[in-house]
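The values are calculated or read from the model by the stated rules, or taken from the named source; none is laboratory data. For clarity, every value in this text was computed on a predicted model and none was experimentally measured. Cβ atoms come from the backbone with ideal geometry, glycine included; neighbour counts cover every protein chain shown.
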Amino acid sequence: MGVMSRLRAVVTVVAVAAAVVTGVVVGQAQAQNCQPYGAIGGYWQSADAGSGWLGSCTNDENSVPGGRVEAFVGGAVYWSPQTDTHSAKGAIRAYFNSMGATSSFLGLPLIDETPTPTRFGAFNHFQGGSIYWSPATGAHEVHGAIRDSWAGQSWERDWLGFPTSDEYTASGGRRSDFQGGSIVWDSSNGAISFVRSGTAAVSTPPSGSTVGARALAAARTKIGAPYVWGGNGPNVFDCSGLTSWAYRQVGVTIPRVAEDQARAGSYVSRDNLQAGDLVFFYNPISHVGIYDGNGNVVNAPDVGQNVKVTPMQYLSYTTARRYS
């Protein structure tokens, strides 16, 4: 080794030694300029601190609308008295930031990023909506009445799949697109329509003032409510519990169970169905829904599902009844 080479080696060793003494070493420099503390620090520690997925902090904790935030190499951690401590990371965090983060209508996260249960993807719920991501669709927000109606269709697990757009202005209201179709919100009356890809709307608001139309309107307010066997409302339902509850809201008492509901009222053929008619399925009859006027029923399907709109083509039709 030449004199200059030995000199450079000595200088390098001295520089590294000095860096170690002062605590400024590669990979730790960022951490020396900030120190997580409080609720965010506790969350960071629970995630294995600097050796965990969050890694080192990249800035000090600071105030944001409604709460506090600290950024890390692997994501960001947010806290407020109302929402507690939650994180955002990856593509969802990047999208959240592109929307204005906590300064946007989304506000603070309510949960950590969570994998979707049956299809490959992830989501975060926020105060003002949700962001869903999948490899096929990227990240998109969904909020308000459209989000509630999508939840009523079992989120990404059912025919709509993941969102493929943010909510946007459409003729007469607002719209969000999904892998299997779209959900449209009517600004004139707050009604929701479902549109399958390549088809016309499959669920439109009830019209007129018939008893059935008013019962349908009542049932639609419960889209998203959980199925519970024996549930009579107002917050949980089974299939006939939903139909009997909906008719009670308009002053009409009908039998409680589907089999008895199918014996009462007036028979109506499938070709003459109107919004609000009760439609019965399977043999023997074991399911009932309220016809929405466009080939679908509002129904409480089964354990683990919520009240939602289901195309009748997926159910085994038996008969129908009209109540007045």
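When segment 212-232 is filtered for residues that are farther than 20 Å from residue 281 by Cα and either surrounded by fewer than 16 Cβ atoms within 10 Å (Cβ to Cβ) or modelled with pLDDT of 90 or more (or both), the ones remaining, listed by number, are 221, 226.
Restricted to segment 48-60, and to residues there that are of a type outside the set (A, V, I, L, M, F, W, C) and exposed (fewer than 13 other Cβ atoms within 10 Å of the Cβ), the residue that is nearest to the chain's Cα centre (by Cα) is 48.
Does residue 267 satisfy being within 30 Å of residue 118 (Cα to Cα) and either surrounded by fewer than 20 Cβ atoms within 10 Å (Cβ to Cβ) or not hydroxyl-bearing (Ser, Thr, Tyr) (or both)? In short, no.
Determine whether segment 97-110 contains at least one residue that is more than 19 Å from residue 222 (Cα to Cα) and touching a helix residue (DSSP H, G or I) at 6+ places or on another chain (Cβ under 7 Å).
Scanning segment 97-110, I find at least one residue that is more than 19 Å from residue 222 (Cα to Cα) and touching a helix residue (DSSP H, G or I) at 6+ places or on another chain (Cβ under 7 Å), so the answer is yes.
Of all residues in segment 107-134, those satisfying the criterion of being aliphatic (A, V, I, L, M) and crowded, with 20+ Cβ neighbours inside 10 Å are 108, 131. Do we find that residue 45 is part of a loop (DSSP other than H, G, I, E, B), surrounded by fewer than 18 Cβ atoms within 10 Å (Cβ to Cβ) and modelled with pLDDT of 95 or more in this structure? It is false that residue 45 is part of a loop (DSSP other than H, G, I, E, B), surrounded by fewer than 18 Cβ atoms within 10 Å (Cβ to Cβ) and modelled with pLDDT of 95 or more. The set of residues from segment 217-242 being of a type in the set (S, T, N, Q) and either in contact with a Phe, Trp or Tyr (Cβ under 9 Å, 6 or more places away or on another chain) or free of Cβ contacts under 8 Å to residues at least 40 places away in the same chain (or both) comprises 221, 232, 235.
Does segment 107-160 hold any residues that are part of a strand (DSSP E or B) and of a type in the set (Phe, Trp, Tyr), and which are they? Steps first, answer last, please.
Just the residues of segment 107-160 that are part of a strand (DSSP E or B), to begin with: 109, 114-115, 122-126, 129-134, 138-142.
Answer for segment 107-160, where residues must be part of a strand (DSSP E or B) and of a type in the set (Phe, Trp, Tyr): 123, 126, 132, 133.
Among residues of segment 164-179 that are outside the structural domain of residue 122 (by TED's automatic domain parsing) and free of Cβ contacts under 8 Å to residues at least 24 places away in the same chain, those with a Cβ under 7 angstrom from a residue that is of a type in the set (Val, Ile, Thr) and buried (at least 16 other Cβ atoms within 10 Å of the Cβ), sequence gap 6+ or separate chain, pair up as 170/184; 173/184; 177/164. In segment 286-324, the qualifying residues are those that are of a type in the set (A, V, I, L, M) and touching a helix residue (DSSP H, G or I) at 6+ places or on another chain (Cβ under 7 Å), and the one that is surrounded by the fewest Cβ atoms within 10 Å (Cβ to Cβ) is 320. Of all residues in segment 240-248, at least one satisfies being surrounded by fewer than 21 Cβ atoms within 10 Å (Cβ to Cβ) and more than 29 Å from residue 195 (Cβ to Cβ).
Looking at segment 61-78 only, could you name the residues that are part of a strand (DSSP E or B) and crowded, with 16+ Cβ neighbours inside 10 Å?
64, 67, 68, 69, 70, 71, 72, 75, 76, 77, 78
Filter segment 126-171 down to residues that are of a type in the set (Asp, Glu) and touching a Gly at 6+ places or on another chain (Cβ under 6 Å) and give me whichever is nearest to residue 94 (Cα to Cα). Here the residue is 141. Restricting attention to segment 161-178, the residues that are part of a loop (DSSP other than H, G, I, E, B) and modelled with pLDDT under 90 add up to 2. Taking each residue of segment 253-275 that is among the charged types (D, E, K, R) and looking for partners that are in a helix (DSSP H, G or I) with beta-carbon atoms closer than 6 Å, six or more apart or interchain, yields 256/244.
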